[in-house]
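Inspection log for the structure reproduced underneath, given as structure tokens.
The values are calculated or read from the model by the stated rules, or taken from the named source; none is laboratory data. Please read these numbers as outputs of a predicted model, since none were measured by experiment. Heads up, the Cβs are rebuilt from the backbone with ideal geometry, glycines too, and the neighbour counts pull from every protein chain shown.
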Amino acid sequence: MKAILTFHSIDDRGTVLSFPPATFARMIEEILEGGVKICSLDQLLCPETDNALTITFDDGMRSVYENALPILKDANVPSHLYLTTGVVGRTNNWPTQPRGAPAFDMMDWQELEACVDAGMKIESHTVSHPNLCRLDRQQIEEECETADLSIEKQFGRRPEHFAYPYGIYDARVAEIVGQKYQTCVTTALLPIGKKLKAAELPRLDSYYLQKRRDYRHFFSPTASGYLRLRHGLRVFRSMF
């Protein structure tokens, strides 16, 4: 089995986007102790790869640089950051941010450079974090292209992977964006299945992983069943 994990902020604030640094460190340590490989997205999606995870972060919160990066460096494991380029060095107050959403400081380009030097790959999460379903084709392409050019200018590498803002997409958006990247990731709470849709890859939200007592048996039947139940509840609620 294999899966993509998604994090936002690594901090002790207790928000819906927060994951405690101590728990993050323990998770990484115990996953590796349990024999599960932590690898890049490209490695994860190779057909021969099994019993593996990929670590991803969304948006670009400064706490990733401050609290997650030292842990990842010590463990010598790769990761990917889906960057919202329009708020680099600012806060996460993008135009579509819901009222009452927790505020976070974002990394600046120098801090992002340190992440890259430590083995993190910077991927695309648009410029302004919009709901892509509300944009026309030209606007979607501009959101992607402008973000990609900023990342390429800073790091000499064009993003190869993409995360839908808020996990929101439809068939039209997937068709437009899917042509631009090797993969696009969603917020579907599932492991990677045998039948891959490169433009609709699921990820496991770290919010549902915080209370595990032990991460050594990451893909145990009990743990996997719990996540599938949470996914089913999400789908059910979205129907009403």
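Below are the figures for this structure:
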| quantity | calculated |
| --- | --- |
| Leu83 within 17 Å of the chain's Cα centre (by Cα) and under 21 Å from Leu209 (Cβ atoms) | no |
| Tally, over segment 125-142, of residues that are on the phi > 0 side of the Ramachandran plot and surrounded by fewer than 21 Cβ atoms within 10 Å (Cβ to Cβ) | 0 |
| Within segment 7-57, considering residues that are acidic (Asp, Glu) and surrounded by 15 or more Cβ atoms within 10 Å (Cβ to Cβ), the one nearest to Thr186 (Cα to Cα) | Asp42 |
| Candidate set from segment 146-171 (those that are assigned to a helix (DSSP H, G or I) and without any contact (Cβ under 8 Å) to a residue 24 or more places away in the chain); member that is farthest from Lys197 (Cα to Cα) | Lys153 |
| Some residue of segment 143-151 being surrounded by 13 or more Cβ atoms within 10 Å (Cβ to Cβ), at pLDDT below 95 and either of a type in the set (A, V, I, L, M, F, W, C) or in contact with a helix residue (DSSP H, G or I) (Cβ under 6 Å, 6 or more places away or on another chain) (or both) | no |
| Count - residues of segment 67-95 that are surrounded by fewer than 18 Cβ atoms within 10 Å (Cβ to Cβ) and over 17 Å from Glu111 (Cα atoms) | 5 |
| In segment 172-187, the residues that are crowded, with 20+ Cβ neighbours inside 10 Å and part of a loop (DSSP other than H, G, I, E, B) | Tyr181, Thr186 |
| Contacts under 9 angstrom Cβ, first residue in segment 80-101 being under 30 Å from Gln43 (Cβ atoms), partner among the aromatic types (Phe, Trp, Tyr) and surrounded by fewer than 18 Cβ atoms within 10 Å (Cβ to Cβ), 6 or more apart | Val88/Trp109 |
| Residues within segment 4-21 that are assigned to a strand (DSSP E or B) and more than 14 Å from Tyr208 (Cα to Cα), tallied | 2 |
| Residue among Tyr208, Tyr164, Tyr169, Tyr215 that is of a type in the set (Phe, Trp, Tyr), within 12 Å of the chain's Cα centre (by Cα) and within 22 Å of Phe7 (Cβ to Cβ) | Tyr164 |
| Segment 188-201, subset crowded, with 20+ Cβ neighbours inside 10 Å and modelled with pLDDT of 95 or more, residue nearest to the chain's Cα centre (by Cα) | Leu201 |
| Arg228 vs. criteria under 30 Å from Glu160 (Cα atoms), at pLDDT below 80, more than 18 Å from the chain's Cα centre (by Cα) and not hydroxyl-bearing (Ser, Thr, Tyr) | yes |
